[in-house]
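Since the structure comes first, as structure tokens, the remarks are kept for the end.
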Amino acid sequence: MITTEYISQLGCAFVCLIAISATTAFAQSNEPIQPLPPTPKLDPGKVALGQRLFNDVRLSKNNTISCASCHIFTMGGSNGQAIALGVNGAKGVVNTPTVFNSGLNFRQFWDGRAASLEEQAAGPINNPIEMASNWPEVIGKLSKDLPLVAEFKKLYPSDGVNAKNIMDALATYQRTLTTPDSRFDKFLRGNAQALTADEQRGYQLFKSYGCVACHQGVNIGGNMFQTFGVMGDYFAQRGNPTTADLGRYNVTRKDSDKHVFKVPSLRNVALTAPYFHDGSAGTLNDAVNVMFKYQLGREGSAQDKDLIVKFLNTLTGELNGKPLQPAAN
């Protein structure tokens with residue numbers, strides 16, 4: 001028999017459930033890090049063309065290097081090298097950033113010199129150390145590939161194969177290289193069992209120590225510039241300074257921009273060693289130690305650092321629905 005008391009209890013339970021749900025939603029909305037959104041649905045033809053170009057060695061001068069040569073998917077979209085090598089083994093000047101989730105960055109390159117993925121795509125092609133080519137050479141080679149020309153004409157009917165459309169196709173493809181559904185994303189969406197107690201403690205320490213001041217948002221970074229060495233002269237103590245160490249100063253020529261870099265995303269960071277623009281940190285533990293010393297100006301216990309590293313290992317996501325895995329040794 002349904003009594004007035006039963007109805008009252010049911011009503012209270014319903015109200016409590018709403019209150020709990022509202023509190024959970026409020027807490028998640030106020031987290032400094034938010035889950036990655038689903039991979040965007042873009043023109044499938046342009047995505048396929050961009051993927052083809054991303055793997056095309058004809059973008060390089062001597063037909064030996066493609067974008068995929070330096071952005072290796074089994075290495076977190078980077079390449080496992082401290083400094084990348086270009087055509088004929090030419091040594092670059094900085095560590096290769098991951099291509100994954102790059103469409104969520106507010107600027108491209110370590111020094112932020114490119115405002116968009118389209119602008120970024122032109123950089124390596126025309127860089128004498130990287131692909132060492134130029135647009136006339138690239139367009140000349142691609143224009144001899146009649147099926148490829150037909151594909152460009154279909155997707156870009158007004159002008160076909162040209163620099164602007166090559167950059168557009170590459171950028172469109174790269175915007176689909178998002179890696180959602182990491183264990184941490186699942187945790188943020190309300191699955192408390194997605195992380196162990198140690199990993200959750202690591203996240204709390206990541207916030208309480210202040211790491212999250214620079215590494216936040218959906219990309220856990222990639223949305224601001226910061227000086228490398230806020231609390232100490234990293235470059236003086238590392239030694240052997242290079243022009244690349246000047247960071248954003250090379251773009252703006254402002255003294256205030258010396259040693260300023262785009263804060264990198266930490267998504268899939270367990271797969272992208274070595275770390276920093278100079279590739280100087282070989283492991284996550286090394287990188288965390290450097291961050292504590294030069295960015296936070298704090299010592300931090302070994303236990304706390306280990307817990308933060310455990311948290312960082314939860315940031316590995318999925319590509320096209322498949323969990324990313326470290327490269328086999």
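The values are calculated or read from the model by the stated rules, or taken from the named source; none is laboratory data. Please read these numbers as outputs of a predicted model, since none were measured by experiment. We place every Cβ from the backbone using ideal geometry, glycine too, and count neighbours over all the protein chains shown. Note: accessible area is taken over every heavy atom of the protein model, side chains too, but ligands, DNA and RNA are not part of it. Shrake-Rupley method; radii C 1.70, N 1.55, O 1.52, S 1.80 Å.
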Check: Does residue 159 satisfy the condition of being under 26 Å from residue 84 (Cβ atoms) and acidic (Asp, Glu)?
Finding: no
Checklist line | Members of region 101-123 that are touching a helix residue (DSSP H, G or I) at 6+ places or on another chain (Cβ under 8 Å) and within 20 Å of residue 176 (Cα to Cα) | finding: 102, 103, 108, 109, 114, 116, 117, 118, 119, 120, 121, 122
Note to self: Within region 194-226, take every residue that is among the hydroxyl-bearing types (Ser, Thr, Tyr) and in contact with a helix residue (DSSP H, G or I) (Cβ under 9 Å, 6 or more places away or on another chain) and give me the one that is farthest from residue 109 (Cα to Cα).
What the structure shows: 196
Check: Is one or more of the residues making up region 237-258 free of Cβ contacts under 8 Å to residues at least 12 places away in the same chain and closer than 26 Å to residue 196 by Cβ?
Finding: no
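Return the residues of region 32-62 that are outside any helix (DSSP H, G or I), open to solvent by 50 Å² or more (accessible area, probe 1.4 Å) and touching a residue at least 12 places away in the same chain (Cβ under 8 Å); say none if nothing qualifies.
Here is the first cut: in region 32-62, the residues outside any helix (DSSP H, G or I) are 32-43, 55-56, 60-62.
After this cut, where a residue has to be open to solvent by 50 Å² or more (accessible area, probe 1.4 Å) as well, the list is 34, 37-38, 40-43, 55, 61-62.
Scanning region 32-62 gives 34, 37, 38, 40, 42, 43, 55, 61, 62.
Here is a yes/no grid of residues against (1) touching a Leu at 6+ places or on another chain (Cβ under 6 Å); (2) open to solvent by 20 Å² or more (accessible area, probe 1.4 Å):
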position: 219; (1), (2): yes, no
position: 235; (1), (2): no, no
position: 238; (1), (2): no, yes
position: 263; (1), (2): no, no
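Are any residues in region 250-280 in contact with a Pro (Cβ under 9 Å, 6 or more places away or on another chain), of a type in the set (Phe, Trp, Tyr) and assigned to a strand (DSSP E or B), and if so, which ones? Talk me through it step by step, then tell me what you get.
First, pick out the residues of region 250-280 that are in contact with a Pro (Cβ under 9 Å, 6 or more places away or on another chain): 262, 264-265, 270-272, 275-277, 280.
Now restrict to residues that are of a type in the set (Phe, Trp, Tyr): 275-276.
Result: 275, single match.
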